[in-house]
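**Student:** There's a structure below that I have some questions on.
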Amino acid sequence: MRAMGTWDIGPFDNDTAADFSYRVDEADEGKKAEVLRAAFREVTGTGEEYLDADFSMEAIASAALVAAQCPGGEPVTTSYGPKKPLGVLPEELRAEAVAALDRVLAEPSELLELWEESDGEEWKAGVRKLRGMLAGA
């Protein structure tokens with residue numbers, strides 16, 4: 001069973017990420033990187049605690065935005081992503097994105113549990129691909 005408001009496996013294929021895109025768009029031009037960094041830290045700051053699915057969805061969406069600026073990165077073209085330009089994001093966000101994705105894929109993680117109840121392998125492969133792009137940049 002998929003999480004509520006999720007229609008596919010992509011980084012922006014859920015209501016939470018679409019809402020997050022709006023928050024990114026509403027941030028001042030110089031503050032967009034901080035919105036992404038906050039999403040990563042919300043996830044990495046949980047330590048061994050249970051990780052809420054919404055935080056994971058925001059971190060994955062943020063990671064996709066950072067990865068889009070990596071060499072060979074795939075642009076975020078979905079209509080559910082941010083509409084306004086992000087500007088050049090700081091390269092140090094890449095390591096924070098990798099750490100956040102590692103945490104999303106580690107127990108205890110609500111989103112990981114939800115995906116493992118359905119087509120979780122395809123979703124995990126997508127998250128790992130995103131992580132690989134960020135780690136290799």
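**Student:** Across the stretch 92-116, what is the number of residues that are free of Cβ contacts under 8 Å to residues at least 60 places away in the same chain, over 16 Å from the mean Cα position of the chain (by Cα) and exposed (fewer than 12 other Cβ atoms within 10 Å of the Cβ)?
**Tutor:** Residues meeting the conditions: 1.
**Student:** Let me ask something else about it. With the condition kept exactly as written, say whether any residue in the stretch 36-49 is touching a strand residue (DSSP E or B) at 6+ places or on another chain (Cβ under 6 Å) and among the polar types (S, T, N, Q).
**Tutor:** Narrowing the stretch 36-49 to residues touching a strand residue (DSSP E or B) at 6+ places or on another chain (Cβ under 6 Å): none.
So far as the stretch 36-49 goes, no, none of its residues is touching a strand residue (DSSP E or B) at 6+ places or on another chain (Cβ under 6 Å) and among the polar types (S, T, N, Q).
**Student:** With the requirement that a residue be farther than 15 Å from CYS70 by Cα and buried (at least 16 other Cβ atoms within 10 Å of the Cβ), what does the stretch 80-91 give you? Steps first, answer last, please.
**Tutor:** Kept after step one, since they are farther than 15 Å from CYS70 by Cα, are these residues of the stretch 80-91: 80-85.
TYR80, GLY81, PRO82 - these are the residues of the stretch 80-91 that are farther than 15 Å from CYS70 by Cα and buried (at least 16 other Cβ atoms within 10 Å of the Cβ).
**Student:** Can you give me the number of residues within the stretch 6-33 that are within 20 Å of ALA135 (Cα to Cα) and either of a type in the set (Val, Ile, Thr) or in a helix (DSSP H, G or I) (or both)?
**Tutor:** Within the stretch 6-33, the subset within 20 Å of ALA135 (Cα to Cα) is 10-11, 33.
Filter again for either of a type in the set (Val, Ile, Thr) or in a helix (DSSP H, G or I) (or both), leaving 33.
Qualifying residue count for the region: 1.
**Student:** Is it the case that the stretch 117-136 has a residue that's buried (at least 21 other Cβ atoms within 10 Å of the Cβ) and among the small types (Gly, Ala, Ser)?
**Tutor:** no
**Student:** Looking at the structure I just gave you, is ASP54 acidic (Asp, Glu), surrounded by 14 or more Cβ atoms within 10 Å (Cβ to Cβ), touching a residue at least 24 places away in the same chain (Cβ under 8 Å) and over 15 Å from VAL98 (Cβ atoms)?
**Tutor:** Values: acidic (Asp, Glu): yes; surrounded by 14 or more Cβ atoms within 10 Å (Cβ to Cβ): yes; touching a residue at least 24 places away in the same chain (Cβ under 8 Å): yes; over 15 Å from VAL98 (Cβ atoms): yes.
Yes: the conditions hold for ASP54.
Each reported figure results from applying straightforward, stated rules to the coordinates on display, with no laboratory input. As the structure is a computational prediction, the values presented were derived from the model and not from experiment. All Cβ positions, glycine included, derive from the backbone under ideal geometry; neighbour counts span all protein chains shown.
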